[in-house]
Every structure is written in C-alpha cells, then in structure tokens.
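Participant: Let me give you the structure first, and then I'll get to my questions.
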Amino acid sequence: MPPERRVIFEEEQRQIESILRDFLKNSEAKGVLVVDMSGALINGQGFLQRFDTEALGVLAAGTVASTRQMARIVGEPLFTDLFHQGKRSHLYLSLIGDEAVLVVIFDNTTTLGLVRLYSQQAVKSLKQIYAKLSSREAQPLKVEPSKGGELPESIFKEKENKDKQNPGE
Amino acid sequence: MSSINFATKEILCKIVYYGPALSGKTTNLLYIHKNIPEEQKSQMISLATESDRTLFFDFLPLETKLIGDYKARFQLYTVPGQVYYNATRKLVLRGVDGIVFVADSQWERQKDNVESFANMEGNLREYGYSLDEIPYVLQYNKRDLVNIAPREYMDFLLNRRKKRVLVFESVATTGIGVFDTLNAICRLLLAKLVRGQLTVEEV
C-alpha cells in the first residue's frame, strides 16, 4: 500500500476554520491548531504570531506518537487527551480520531475544564469533516507547463559559502 | 503522508534521513540549515541527548515557491541511528514521503549499513509501505576518510533492489554532496506528486 495522500479543499478548510473560531470564542483559549499525524499544520487560529506553529505542530505529533506507545505498554489502546501544565501557559492536545490532533494553547484566564469541554465538541465536528475528506478522491495536482510546471534542476541552492575553509588562506 | 492544501496552495512532503548511528544524518541537516537562504528555512529542532546524539528526531522545515502558484514545503527529519532506539525510529517514519539513506563509507561500518537498511525495510513494512513505492536515494558519506569501501562495493550491498536508485558520494561535514542529495529527493517527490508515478530514470 502506498502512503496515503491527504488533500484539503477550500470548502473543508473554511469549515475547519469556523469550528476553530467558535472554539476560541467559547473556551477563551489563546490559540488553537489542527495538525495531522505527520506533524503538518492544517489550520491555526488565535494569537499565534509569536509561536513557531510549524515546530509546535511537529512536536505535538511526536508527543502523540510516543504517548500512544506508552499507552500500549500500560495496556491502553491510546490516550486521547494530553495536558501539559505550565506556570502561565498550558497545552491541551486532543486526538481527532486517527487523523489529526487538536492543539490548544491557553493561559490562566480560562480553565482546563472549559478547554476540555469545548475541545470535545470541536473534535466531534472535526471528525465529521475528516470523514468527509476521506471519501474524496485524491487527484494528482495538475500544473500547466506555462505556469512553471517544469521542475528546476536544483530546487534548493546553497548560499555562497564564505565560511568554507580555504587551505591557502 | 504528503498533503496538498488547495486552500493555502501548499504541498507538504516529509523526508526522513535514515541510516546507522553516527553516519552523518544530523550533520546533513545542520549543513543544510546553515547554508540555505534565510527565506527558505525556519528554525531547526533537535531532540538530542546531552552528548548530542539524536534522541527522537531532528527536524528542519524548508520552503520553496515552485509549481505554478503553489508553495512546496519539505519537512526534513532524521531518526536516531542507535540500534536500541527502534521504537522512535519507527514513529518518525510514519507518513514518510521520501527517504535519504545515509550510509557510512568506512569498511568497518558496512555491516551496520546493511543492518540499518534491513531495519528500515522492516519498519516500513509494518506501516504497509514499501521501497517500491516510496522514492529514496542513497548517500555514501564520509568519502574524505582513508579507510573507505569503494562505491561499487557499497552499491553491491545497498543498491541491489530491482530498481537501482540515485547514489551521492558526500562529505557532510564540509557539505560535499549534501545539496545534491537534497535536491534529488525533492525532485523525485515533486515529480511523483505533480505528474503521478514516475520512475527514477524519467526524472
């Protein structure tokens, strides 16, 4: 079986966005992300400017993956919800089925109970969207050659390396 | 699992640098991070032990404007090479789109290369993946050392599947071959995504 390919369409993206916005309004959390199991950021809402959301997403996916293994060791199929408590900021992670993770960033202006309650509601709605996405056919991306469809020889070019050791100097 | 986001016009691919312990996987990522233009990279994350050995993974995201209006994002991961970290190695492989296998060229490490390659095939199999479907390239690293095996011998050990793959000789500490390897795997992935399945020869 080849690895799955996930395609997100605009319609679903809008729906995810609206669920996350409602969640923020109700839970009074600072920010919220939806991240897929390989760590890819699907959507993020709230005050996220000062966070490296991509790194947060990848680490959240890593945490979920390793916690899943810990769960197995103690005889649980999985831990669906994880809470990381800090002094001022906290993280709450909740699994959206097997597909993705809801990552909530919140502080002491709200409570864990409120975040948990509204997370459960959001996860329920997000699961429905993911179920719909799974039934959609993944199609190869069509790119017209005139729009730059040809792949360049080197996608990433190395900077002029001034640090490179020159034995003559 | 590569994802195409039609809303944000983003293609996202996960590339894993696999290989035995101390073969130079993290060194590859560090060199890329240091030598890629600022606008194409973000912060590199290392989950390492105190002695600087990779514990869970290293992670480096890269971005390029590429196909039409689309941006391509590549997430580069390494796995911990030590034999006893197989559980975490397997976790990092989840959803992988492309692999760079970094082999150590020294004679005495050839056995480790072969074992690591077999371990990778086994871990992929557990996810239902196979090297027949996942694009990968080989990198023979540390070519600057004196006690190295000839390329042909390493090909005999590692590049013996039905479909031969691209091989790059490298010295990751000074950057020789590092960007060639990176560009090769990125091209393989994009070609597969954009045009459907392509063989190595066609790319």
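Participant: Students often get this wrong, so check it: of A:127/B:90; A:157/B:192; B:41/B:111, which have C-alpha atoms separated by over 28 Å?
Facilitator: With Cα atoms farther than 28 Å apart: B:41/B:111.
Participant: For the range A:23-33, in order, what is each residue's ³J(HN,Hα) by Karplus, 6.51 cos²θ - 1.76 cosθ + 1.60 with θ = phi - 60°, in whole Hz (x at glycine and Pro)?
Facilitator: 4, 4, 4, 6, 8, 6, 7, 6, x, 8, 10
Participant: Kindly provide the helix-only [θ] at 222 nm of chain B, computed as the sum of -39,500 (n - 2.57) over DSSP H runs of four or more divided by all residues, to the nearest 500 deg cm²/dmol?
Facilitator: Working: 5 runs with 62 residues, N = 203.
Mean residue ellipticity at 222 nm (helix-derived): -9500 deg cm²/dmol.
Participant: Continuing with the same structure: Looking at chain B, send over the antiparallel percent of its DSSP beta bridges, to the nearest 5. Let's see the in-between values first.
Facilitator: Working: 17 of 38 bridges.
The answer is about 45 percent antiparallel.
Participant: Quick one: Cα convex hull volume of the range A:1-92, Å³ per residue?
Facilitator: Value for the range A:1-92: 134 Å³ per residue.
Participant: Let me ask another. Any idea how far the Cα center of the range A:18-91 sits from the one of the range B:24-101, in Å?
Facilitator: One Cα centre to the other: 20 Å.
Participant: Let me ask something additional. How charged is the neighbourhood of residue B:20? Take every other residue with its Cβ under 12 Å from the Cβ of residue B:20, and add Lys/Arg as +1 and Asp/Glu as -1.
Facilitator: Details: positive: B:25, B:89, B:109, B:111, B:142; negative: B:104, B:108, B:112, B:115.
Summing Lys and Arg as +1 and Asp and Glu as -1 gives +1.
Participant: Same structure again: Taking the alpha carbon gyration tensor of the protein assembly as shown, what are the square roots of 5 times its eigenvalues, largest first, to the nearest whole Å? If you can, show how the numbers build up before the last one.
Facilitator: On the way: eigenvalues 256, 109, 84 Å².
Over the Cα atoms of the protein assembly as shown, the ellipsoid semi-axes are 36, 23, 20 Å.
Participant: Say a paramagnetic label sat at a point 7 Å from the Cα of residue B:174, along Cα to Cβ; which residues of the range B:136-155 have their backbone N under 20 Å from it?
Facilitator: It comes to B:139-151, nothing else.
Participant: Find the accessible area per residue for the range B:1-144; the probe is 1.4 Å, ligands and nucleic acids are left out, and the unit is Å².
Facilitator: Heavy-atom accessible area per residue stands at 36 Å².
Participant: Could you work out how far helix B:25-35 tilts from the main Cα principal axis of chain B, as a 0 to 90 degree angle to the nearest 10?
Facilitator: It works out to around 50 degrees.
Participant: Per residue of A:90-97, what is the mean number of Cβ atoms on other protein chains within 10 angstrom of that residue's Cβ?
Facilitator: The per-residue average across the peptide is 0.
Participant: Pop out the ³J(HN,Hα) list for the range A:37-48 in order, Karplus 6.51 cos²θ - 1.76 cosθ + 1.60 with θ = phi - 60°, rounded to Hz; leave Gly and Pro as x.
Facilitator: Karplus-based 3J(HN,Hα) across the range A:37-48 equals 5, 8, x, 6, 6, 8, 7, x, 9, x, 7, 10 Hz.
Participant: Using only protein heavy atoms and a 1.4 Å probe, report how much of residue A:79 is accessible, in Å² to the nearest 10.
Facilitator: 80 Å²
Participant: If you don't mind, another one. Hey, got the average number of other protein chain Cβ atoms within 10 angstrom for residues in A:34-45?
Facilitator: Across the residues of A:34-45, the mean count of other-chain Cβ atoms within 10 Å is 5.
Participant: Ok, one more. Order these peptides, B:169-180, B:110-121, by their mean beta-carbon neighbour count within 10 angstrom, highest first.
Facilitator: In descending order of packing, they fall as B:169-180, B:110-121.
Participant: Please list, ordered by chain and number, the residues whose modelled amide H lies under 5 Å from the amide H of residue B:56; skip anything fewer than 5 residues away on the same chain.
Facilitator: Those lying under 5 Å, H to H, from residue B:56 are B:47.
Participant: At a probe radius of 1.4 Å, figure out the B/A buried accessible area, summed over both chains, and give it in Å² to the nearest 100.
Facilitator: 4700 Å²
Participant: Another one. Pull up all non-local amide H partners of residue B:36: gap of 5 or more, or a different chain, and H-to-H distance under 5 Å with H placed in the peptide plane.
Facilitator: Counting only residues 5 or more places away or on other chains, the set is A:159.
Participant: Could you tell me the accessible area of residue A:28 in Å² (1.4 Å probe, neighbours in place), rounded to the nearest ten?
Facilitator: 100 Å²
Participant: Where does each of B:192, B:65 land when they are ordered by accessible area, with a 1.4 Å probe and the largest first?
Facilitator: B:65, B:192
Participant: Over the range B:83-203, what is the relative contact order in whole percent, taking alpha-carbon pairs under 8 Å and six or more residues apart?
Facilitator: With pairs under 8 Å counted, the relative contact order is 27 percent.
Participant: Within 10 Å of each Cβ in B:6-15, how many Cβ atoms from other chains are there, averaged over the peptide?
Facilitator: 5
Participant: Another one. Report residue A:153's accessible area, 1.4 Å probe, all protein chains in place, as a number in Å² to the nearest 10.
Facilitator: For residue A:153, solvent-accessible area is about 140 Å².
The values are calculated or read from the model by the stated rules, or taken from the named source; none is laboratory data. Note that the coordinates shown come from a computational prediction; the quantities given were computed from them, not determined experimentally. In this analysis, Cβ positions are derived from the backbone assuming ideal geometry, glycine residues included, and neighbour counts consider all displayed protein chains. Calculation scope for accessible area: heavy atoms of the full protein, side chains included, ligands and nucleic acids excluded. Shrake-Rupley method; radii C 1.70, N 1.55, O 1.52, S 1.80 Å.
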